[in-house]
Amino acid sequence: MDGQLLPVLLLLLGASSLWGQEPGPGGPLEEPLEEEVLEEDGILVLSQRTLGLALQEHPALLVEFYAPWCGHCKALAPEYSKAAALLAAESAKARLAKVDVPAEPELAEEFAVTEYPTLKFFRDGNRTHPEEYTGPLEAEGIAEWLRRRVDSSATQLEDEEGARVLIDARDVVVVGFFQDLKDKDVAVFLALAQDALDMTFGLTDRPQLFQKFGLTKDTVVLFKKFDEGRADFPVDKELGLDQGELSRFLLTHSMHLVTEFNSQTSPKIFAAKILNHLLLFVNQTLAPHRELLAGFQEAAPPFRGQVLFVVVDVGADNDHVLQYFGLKAEEAPTLRFINIETTKKYALVDRGPVTATSVAAFCHAVLGGEVKPYHLSQEVPPDWDQRPVKTLVGKNFEQVAFDETKNVFVKFYAPWCAHCKEMAPTWEALAEKYKDHEDIIIAELDATANELEAFPVQGFPTLKYFPAGPGRKVIEYKSTRDLETFSKFLDNGGELPAEEPKEVPAAPFPETPENSTLEPKDEL
C-alpha cells in the first residue's frame, strides 16, 4: 500500500466512531429503535422524547401536566380517564395525554408550567402555541370542550324540523340567524360557542327559518323552557357582533328570573357578573313561606340584568350564607340586598309582608342610595382576652388594634374557610410563643360575623399587623404562613428580610365550595 495513503486510511477508520456507534458483532451499524408512545387507561403517557411523535400522530391532543403527589391531580385522574373513554367510544379525533412534570423538567420549562394540574390543547402538531384549557375538570365537560374544538361548536340548521328538534332537546338553546355564514360575525359566534358548554348552539342562513321566527336581520336568539321563553340579541350592522356583550347577554338571559341558591346553581350566580343580588330567606318546608315566592317572582322582570333575585332556603345546608349576612334561621322570611363587588349589605327596615310591591320598592331604594348599608358585629365575649389568641369583634377592634402601646397581629378569618382551618394550629402556636411579650398581641376576628368599614376583607385568611405608636399604621402580611416566618416578621418589627419567600396570593373571596367553578391548583 502506498505509504502516503496509510495515514489517511487510518484517520478515516478512527473517525468513524465519531459519526456513530461502533460496528456490532453482526457487522454493519444498527439503526436505533424508534421510541414508542406508551398508553395507560386510554391516556398517552408522554416524555420529552415522545411528545413530538404524539403531536405528529394526533392532530387534536389535550395534555395534562401533573405531579404524582398533587392532590388536585389525583382528584382529576378518574375524570380524565372517563373523558378518554367517552371520546374513544365516539371514535373522536381528539386524544388525551399526560406528562409527569417532575420526571420531565425540560417540558415544564418549555411550556411554562408553574402549577398543577395544567392542561394545554395542541392542534395540528403546533408545539409552539398550545391553547390553555379553560373547561371544567369533570369527564363530560372535558369531552365536550374538545368536541367543540375538533368539530363545529354549533349545529347547522337546514329546515324547520331540524330547528324544532334542536330547540326541544335542551332547556336553553342558542341559535344564530345569519344571512351569510361566511360573515366574520359567524366566527365570533362559533368562538363563543366553544366555551359556553352549558348551552347548546345552532346556526342557520335559511330564509324560511328567518321567517318562521319573525326575523328580518341577523340575530342571536336564546330559546328557553322557562320565564319569557325567548330573548333576542340583534347584531349591530355597523359594529358587528361583540363577543363580550353577547356573552353577558346569554349569561343574564339563560338564568331563571329567580334562582334558588344551592351547590349546583351558585357557580352560575357568581359567573353571571350581575353585581347586585337580592336574597329572599325562607323556609321551604313552611307553606306561608312558599306563598311569598310568587310575589318575589312577580317583582323580578324589570330588574333582569341589574339585580339577581335569589332564594335561600334556611332549612337546607346554607348555614354559611346565613352567617355571612348575620342572620339566624328563625329570622326568615326576610330580605337582604348585597353588592358583591363592594360587599355592602342592606336590610329591609320595614319588616312588613314580602310582596311584589315591597320587593320592588326595596330594590329601588337601595339602587337609589336611599338605604344605608349595615355592618355586622358580635358582642364582646367576656373572656375575649383570656386565651393566648385574643378574640376581636367589631365592638372592641378599634380599642385593641390601635392601642399605641401594643403591636397587634390580627387574623381575619371565616369559620368555613379551609385555608383558615389549616392555618389555625400555627396561629395558636404563635400566640403561645409570644403570650409573655406584653407589647405583642396575637388576635383573630371572624370577618363573616364582624365587618369593619375601614378594613374590607377580600380574602380569607387576611393577616394585618398594627404596629405600636401613633398614626394608625397598618401592614398587610402576605408572606409564608408558618411559625418560623411569622416569628421573624414579629421579631423584626413587622418586616421580613429580603431573602424571605415570595408573596403568597390570598384565597378568593368569598372562599366557598359553591362559588368556585374551577378547582385550585398546586404550585410547583
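The values are calculated or read from the model by the stated rules, or taken from the named source; none is laboratory data. This one's a predicted model, so the numbers in the text were calculated from it and none came from an experiment. Positions of Cβ are backbone-derived with ideal geometry, glycine not excepted, and every protein chain shown enters the neighbour counts. For accessibility, only protein heavy atoms count, side chains too; no ligands or nucleic acids. Shrake-Rupley method; radii C 1.70, N 1.55, O 1.52, S 1.80 Å.
Take Ala75 and decide whether it is open to solvent by 50 Å² or more (accessible area, probe 1.4 Å) and either part of a loop (DSSP other than H, G, I, E, B) or within 21 Å of Ala108 (Cβ to Cβ) (or both). The answer is yes for Ala75. Considered as a group, the residues in the stretch 354-387 that are touching a residue at least 12 places away in the same chain (Cβ under 8 Å), over 18 Å from Leu279 (Cα atoms) and more than 35 Å from the chain's Cα centre (by Cα) include one that is surrounded by the fewest Cβ atoms within 10 Å (Cβ to Cβ), and that residue is Glu379. Of all the numbered requirements in (1) within 22 Å of Gln56 (Cα to Cα); (2) modelled with pLDDT of 95 or more, Glu90 misses one, and that requirement is (2). Please find, within the stretch 96-112, the residue that is nearest to Asp41 (Cα to Cα) out of those that are in a helix (DSSP H, G or I) and small (Gly, Ala, Ser). Checking each candidate, the answer is Ala103. Remark: pairs (first residue in the stretch 100-112, within 16 Å of Arg127 (Cα to Cα); second residue open to solvent by less than 30 Å² (accessible area, probe 1.4 Å) and charged (D, E, K, R); Cβ separation under 7 Å; 6+ apart in sequence or on different chains) = Phe111/Lys120. Could you check, for the stretch 264-284, whether at least one of its residues is in contact with a Leu (Cβ under 9 Å, 6 or more places away or on another chain), of a type in the set (A, V, I, L, M, F, W, C), open to solvent by 20 Å² or more (accessible area, probe 1.4 Å) and at pLDDT 95 or above? No; the residues of the stretch 264-284 include none that is in contact with a Leu (Cβ under 9 Å, 6 or more places away or on another chain), of a type in the set (A, V, I, L, M, F, W, C), open to solvent by 20 Å² or more (accessible area, probe 1.4 Å) and at pLDDT 95 or above.
Please count how many residues of the stretch 186-242 are of a type in the set (Val, Ile, Thr) and part of a helix (DSSP H, G or I).
2
Pairs meeting the criteria (first residue in the stretch 116-132 and farther than 16 Å from Lys93 by Cα, second residue of a type in the set (Asp, Glu) and buried (at least 19 other Cβ atoms within 10 Å of the Cβ), beta carbons under 7 Å, at least 6 apart or on different chains) are Pro117/Glu64; Leu119/Glu64. Restricting the stretch 405-420 to residues that are within 27 Å of Asp436 (Cβ to Cβ) and not in a strand (DSSP E or B) leaves a set whose member that is most open to solvent (accessible area, probe 1.4 Å) is Thr405.
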